[in-house]
Every structure is written in structure tokens, then in C-alpha cells.
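Take a look at the structure set out below.
The values are calculated or read from the model by the stated rules, or taken from the named source; none is laboratory data. Every value quoted in this text rests on a predicted model; they were computed, and no experiment measured them. Using ideal geometry, Cβ is built from the backbone for each residue, glycine included, and neighbour counts are taken over all protein chains shown. Keep in mind that these areas ignore ligands, DNA and RNA; they rest on the heavy atoms of the full protein, side chains included. Shrake-Rupley method; radii C 1.70, N 1.55, O 1.52, S 1.80 Å.
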Amino acid sequence: GGICLGSHSRLVLELDLVTSHAPLFFLPCKQQELPARVNFSAAPAPAPAVPTALHSKMDELEGQLLAKVLTLEKERMALSHSSHRQRQEVEKELDALQDRVAELEHGSSAYSPPDAFKISIPIRNNYMYARVRKALPELYAFTVCMWLRSRSGGNGQGTPFSYSVPGQANEIVLLEAGHDPMELLINDKVAQLPLSLKDNGWHHICISWTTRDGLWSAYQDGELQGSGENLAAWHPIKPHGILILGQEQDALGGRFDATQAFVGDIAQFNLWDHALTPAQVLGIANCTGPLLGNVLPWEDKLVEAFGGAKKANFDVCKGRAKA
């Protein structure tokens with residue numbers, strides 16, 4: 001049967017058995033039927049401490065759970081940001097690949113190697129030129145090769161290049177003034193070269209020199225045209241000068257003279273610190289054995305145009321066939 005308790009005793013017993021699964025039930029009793037000797041104050045009062053401890057434990061667990069949720073949320077956000085960065089990197093790489101595919105689809109007009117360009121000087125003046133942005137070391141021998149197309153109209157080819165150093169404006173100069181033959185100047189000493197650029201076509205020019213006995217050789221279109229000796233013999237080429245394409249320097253890096261300017265196109269200007277062999281020169285000239293200078297290679301980043309001189313994409317071997 002049921003247990004008959006007063007309201008106060010019933011509450012105490014309910015709290016005391018809060019965690020119990022015993023099938024107890026309570027019957028209501030009338031207050032006047034309770035014995036007068038019952039002392040309510042003697043009932044066990046500490047029983048409420050059990051749910052208080054349980055609530056504290058639940059609060060603690062709830063706090064731990066909330067902390068874990070916050071940690072997981074931070075990790076989720078970090079992963080989201082990381083995924084976003086990775087997605088951006090992947091998209092960037094895909095864009096670069098698509099651009100490269102587009103370049104290849106459009107052929108060489110869209111992409112050119114770093115040496116496939118020319119410098120063009122359209123008119124004779126004293127302000128159009130290109131400067132090579134690389135210092136030369138001291139040289140005891142050299143070979144310089146280039147492709148030239150003169151547009152001078154027979155009034156002298158001017159100066160395809162000049163190299164000046166402090167104290168010597170004419171350290172190395174290739175010059176054809178007026179109706180004079182083409183000349184090579186080294187330390188202001190002169191040798192006449194049997195070269196001709198008067199037909200307005202592309203020509204490959206190579207000149208080699210060594211300080212030993214001042215030996216020099218001049219090639220045009222792969223063929224040796226002339227040689228000599230005692231040109232500035234035993235003079236080393238001084239370093240750290242200024243190399244200019246298209247103008248003759250009367251002072252270090254300047255004082256150009258329009259009457260000595262080159263008019264036309266220059267490509268594949270390369271310089272080595274030794275004499276190339278005739279076979280090497282021929283290979284460059286007929287486009288079967290291209291070489292880049294070991295001291296000065298023809299590279300887009302090393303050549304800067306000034307004053308209206310133009311730099312344009314140009315494959316000299318293909319261009320020569322079109323000229």
C-alpha cells in the first residue's frame with residue numbers, strides 16, 4: 001500500500017529518494033490525524049545537498065561542453081580560412097596555366113624567348129640609343145657578334161656600338177663615318193675593317209681581338225673578311241665602363257654626335273671573353289649553332305632603349321628570311 005505522510009515529511013522523503021527508482025507513492029493525510037508528539041524539527045534537513053551537488057556537476061559539465069564547442073568552432077573557422085587560401089592558390093595556378101595555354105595557342109607572337117628582340121633606331125639623331133645594363137670585366141681578348149640592318153641610305157653606317165671608360169671615351173668603338181671604311185677603335189687606336197652594310201639587308205658581323213700582339217679578325221655573314229695585328233697590342237680592355245648601342249660616345253655615357261649615329265636595327269649583340277673559332281662564327285651566322293655571350297648575352301632585361309629607340313619582338317633567323 002501507500003505511505004501516508006504529512007506535507008513536510010513527504011517533501012523530505014521525496015528529496016531523499018530523488019535518485020531512487022523505488023515504486024513509491026504517497027497518500028494524502030489530514031493534518032489533524034497526526035500525533036501531537038511528532039517533532040517536525042527533528043526531520044533530516046541536509047537532504048537538499050544532493051541535488052545541489054548534482055546541479056554543480058551539471059553546470060561543470062555544461063561549461064566543459066561549451067568550451068569544447070567553442071574550440072571546435074575555432075578549428076572549423078581555421079579550416080575554412082585555410083581551405084579558402086588553398087582554393088585561391090589553386091585558382092591562381094589554374095589562371096596561370098590557362099594564360100600559358102593561350103600563349104602557346106597564339107604561337108610565337110604571344111611568347112618570345114628573352115633573346116628574341118631587336119633595337120630599332122628609325123632616324124639619325126643624337127638622342128636615340130640603347131644602353132646595356134651590365135658592367136664589363138677587364139678583358140684580354142674578346143669576340144663581339146651582332147646582327148645589323150642599316151637604314152642609313154649610303155651616308156655611312158654610323159656607330160653600331162661604343163664602349164667608353166673613365167678617361168677613355170673610345171675604349172672599343174665600331175664606326176663607319178661618311179664614306180670612310182668601317183673602323184674598329186680600341187683605346188683610340190684604329191684598324192680599318194673590310195665590311196659592308198650598304199644594301200639595307202640583314203648582315204651578321206663578328207669581330208675578335210686579343211691583347212697579345214693586338215691580333216684582330218673581322219667576319220661578315222659567317223665568312224672571314226680580313227685580319228690584322230698591332231691593334232692596341234698588350235692593352236687590356238678596362239672594366240666598369242658604359243656600353244651604348246647606336247651612338248658614339250665623346251664622353252663617358254654621352255656627348256653623342258648625330259653625324260655618327262647608327263640608323264637601322266640591331267639584334268643578337270653578344271660578347272665573349274675569348275676569340276670564337278671560325279666554325280662557331282659560321283654556326284651563329286647561318287643559325288645552326290646559336291651562342292649567347294659568356295660575358296654579355298643578348299637578353300631583354302639587360303638592354304634598355306632611350307629617346308624613342310624601339311625594342312620589339314624579333315626572331316633574327318626567321319626575320320632574316322623575310323628581309
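State the number of residues belonging to the range 202-223 that are in contact with a strand residue (DSSP E or B) (Cβ under 6 Å, 6 or more places away or on another chain) and loosely packed, with under 14 Cβ neighbours inside 10 Å.
0
Would you pick out the residues in the range 282-311 that are in contact with a Leu (Cβ under 9 Å, 6 or more places away or on another chain) and in a loop (DSSP other than H, G, I, E, B)?
THR288, GLY289, LEU291, GLY293, ASN294, VAL295, PRO297, TRP298, GLU299, ALA309
What residue, among those in the range 224-250 that are touching a residue at least 24 places away in the same chain (Cβ under 8 Å) and open to solvent by 30 Å² or more (accessible area, probe 1.4 Å), is nearest to the chain's Cα centre (by Cα)?
Step by step, filter the range 224-250, then rank; the result is HIS240.
Determine which single condition TYR163 fails, assuming it passes every other condition in (1) within 34 Å of the chain's Cα centre (by Cα); (2) modelled with pLDDT under 95; (3) more than 15 Å from ASP265 (Cβ to Cβ).
(2)
State which residue pairs qualify: first residue closer than 24 Å to VAL295 by Cβ and of a type in the set (Ser, Thr, Tyr) and inside the range 137-156, second residue modelled with pLDDT of 95 or more and not in a loop (DSSP other than H, G, I, E, B) in any location, beta carbons under 6 Å apart, and separation of 6 or more residues or different chains.
THR143/SER208; THR143/TRP272
Only one of (1) more than 28 Å from ALA279 (Cβ to Cβ); (2) surrounded by fewer than 16 Cβ atoms within 10 Å (Cβ to Cβ) is not met by ASP199, so which one is it?
Only one criterion in (1) more than 28 Å from ALA279 (Cβ to Cβ); (2) surrounded by fewer than 16 Cβ atoms within 10 Å (Cβ to Cβ) is unmet by ASP199, namely (1).
Given the residues ALA53, ALA78, ALA36, ALA45, which is the only one that is at pLDDT below 55, open to solvent by less than 90 Å² (accessible area, probe 1.4 Å) and not charged (D, E, K, R)?
Of the residues listed, the single one that is at pLDDT below 55, open to solvent by less than 90 Å² (accessible area, probe 1.4 Å) and not charged (D, E, K, R) is ALA45.
Scanning the range 147-175 for residues that are touching a Gly at 6+ places or on another chain (Cβ under 9 Å) and assigned to a loop (DSSP other than H, G, I, E, B), which turns out nearest to LYS238 (Cα to Cα)?
Result: PRO166.
All but one of (1) in contact with a Lys or Arg (Cβ under 7 Å, 6 or more places away or on another chain); (2) open to solvent by 20 Å² or more (accessible area, probe 1.4 Å); (3) not charged (D, E, K, R) hold for VAL165; which doesn't?
Among (1) in contact with a Lys or Arg (Cβ under 7 Å, 6 or more places away or on another chain); (2) open to solvent by 20 Å² or more (accessible area, probe 1.4 Å); (3) not charged (D, E, K, R), VAL165 violates only (2).
Restricting attention to the range 183-202, does a residue exist that is assigned to a strand (DSSP E or B), under 21 Å from SER152 (Cα atoms) and of a type in the set (D, E, K, R)?
yes
Can you pull out every residue in the range 251-284 that is surrounded by fewer than 17 Cβ atoms within 10 Å (Cβ to Cβ), charged (D, E, K, R) and closer than 22 Å to LYS198 by Cα?
ASP257
Against the condition in contact with a Ser or Thr (Cβ under 9 Å, 6 or more places away or on another chain) and either open to solvent by 10 Å² or more (accessible area, probe 1.4 Å) or assigned to a strand (DSSP E or B) (or both), how does ARG131 come out, does it pass?
No; evaluated as a whole, the condition is false for this residue.
Could you tell me which numbered condition GLN157 fails, if it satisfies all but one of (1) at pLDDT below 95; (2) under 22 Å from LYS301 (Cβ atoms); (3) not β-branched (Val, Ile, Thr)?
(2)
Please go through the range 134-146 and pick out each residue that is in a loop (DSSP other than H, G, I, E, B) and open to solvent by less than 40 Å² (accessible area, probe 1.4 Å).
Matches in the range 134-146: LEU136 only.
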